[in-house]
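*Asks:* This is the structure I have questions about; it appears just below.
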Amino acid sequence: MQPPEIVIFDFDGTLIDSDEALLAPIDLLGASRSDVVMGSAVAQECERLGISLDDYVDAYDTEVSMPFPGAAELLGELDRWAICSNKHPASASTELDRLGWQPELVMCADAFDWGHKSLVPMLERLGLDADQVMLVGDSGGDLRCAEEVGCRFVWAGWNERVRTHPHSGVVANTPLEVLNYLN
Ligand SMILES: [Mg+2]
């Protein structure tokens with residue numbers, strides 16, 4: 001099999017350690033963080049929890065989430081990479097600016113009509129077939145995105161939620177280990 005042309009990453013919980021940033025606004029807005037399903041599309045999750053999307057985005061602190069150790073180094077090794085995320089585009093773009101990260105393509109919740117993300121429109125935008133991309137993610141929703149189009153998938157095993165729950169398939173224990181699956 002040819003190496004992928006591009007690596008597509010989930011953002012939250014895969015490149016950046018953002019659980020606390022994602023959950024803090026839930027507390028502030030009076031909902032219960034134990035009800036949150038991580039990896040959900042932001043607008044759908046806000047609606048389900050009975051909070052306003054605008055209030056959530058206003059309360060979301062874009063200054064606090066840091067990359068997982070090794071994530072920046074991995075990105076520095078890649079010729080082409082992109083982000084496919086369920087988060088709000090305003091939050092994502094502010095965080096990407098702060099980190100100085102410039103993915104080739106970023107598609108966030110607005111690009112998927114605020115429903116769950118999908119690689120179908122991403123492949124269209126990239127002009128690539130499924131066998132030319134690899135997705136790296138930390139949630140079942142990420143895996144379903146890969147399965148929907150039939151592309152390679154690598155679990156972000158550096159995320160504690162992934163590490164502590166057994167997953168079938170390919171698991172990278174550190175970001176740099178993703179490089180092992182590119183050839
Ligand atoms: Mg995630």
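*Asks:* Being more than 12 Å from the ligand (Cβ to nearest atom) and part of a loop (DSSP other than H, G, I, E, B) is the filter here; which residues of the stretch 1-31 pass it? Don't jump to the end; show me each part of the working.
*Replies:* Here is the first cut: in the stretch 1-31, the ones more than 12 Å from the ligand (Cβ to nearest atom) are 1-8, 20-21, 23-31.
If the condition is that a residue be more than 12 Å from the ligand (Cβ to nearest atom) and part of a loop (DSSP other than H, G, I, E, B), then MET1, GLN2, PRO3, PRO4, GLU5, LEU29, GLY30, ALA31 are the ones that fit.
*Asks:* For MET122, state whether it is surrounded by fewer than 18 Cβ atoms within 10 Å (Cβ to Cβ), touching a residue at least 24 places away in the same chain (Cβ under 8 Å), out of contact with any Phe, Trp or Tyr (no Cβ under 7 Å at 6 or more places or on another chain) and under 24 Å from GLY140 (Cα atoms). Break it down stepwise before answering.
*Replies:* Working: surrounded by fewer than 18 Cβ atoms within 10 Å (Cβ to Cβ): no; touching a residue at least 24 places away in the same chain (Cβ under 8 Å): yes; out of contact with any Phe, Trp or Tyr (no Cβ under 7 Å at 6 or more places or on another chain): yes; under 24 Å from GLY140 (Cα atoms): yes.
Against the criterion (surrounded by fewer than 18 Cβ atoms within 10 Å (Cβ to Cβ), touching a residue at least 24 places away in the same chain (Cβ under 8 Å), out of contact with any Phe, Trp or Tyr (no Cβ under 7 Å at 6 or more places or on another chain) and under 24 Å from GLY140 (Cα atoms)), MET122 does not qualify.
*Asks:* Would you pick out the residues in the stretch 1-43 that are of a type in the set (A, V, I, L, M), surrounded by fewer than 16 Cβ atoms within 10 Å (Cβ to Cβ) and more than 22 Å from ARG98 (Cβ to Cβ)?
*Replies:* Residues satisfying the conditions are MET1, VAL37.
*Asks:* Also, I was wondering about something else. For the stretch 132-142: of the residues being within 11 Å of the ligand (Cβ to nearest atom) and part of a helix (DSSP H, G or I), which is surrounded by the most Cβ atoms within 10 Å (Cβ to Cβ)?
*Replies:* Filtering first and then ranking leaves ASP142.
*Asks:* With the checklist (1) more than 15 Å from the chain's Cα centre (by Cα); (2) closer than 21 Å to GLU160 by Cβ in hand, flag the one item GLY76 doesn't pass.
*Replies:* Exception for GLY76: condition (2).
*Asks:* Then there is this: Taking only pairs six or more apart or across chains, which ones have beta-carbon atoms under 8 Å, a first residue in the stretch 38-65 that is of a type in the set (Asp, Glu), and a second residue that is within 16 Å of the ligand (Cβ to nearest atom)?
*Replies:* So the pair list comes out as GLU45/VAL36; GLU45/VAL37; ASP61/ALA21.
None of the figures in this text is laboratory data; all of them are computed from the coordinates on show. As the structure is a computational prediction, the values presented were derived from the model and not from experiment. Don't worry about glycine lacking a Cβ; one is built from the backbone with ideal geometry, like all the others, and counts go over all protein chains shown.
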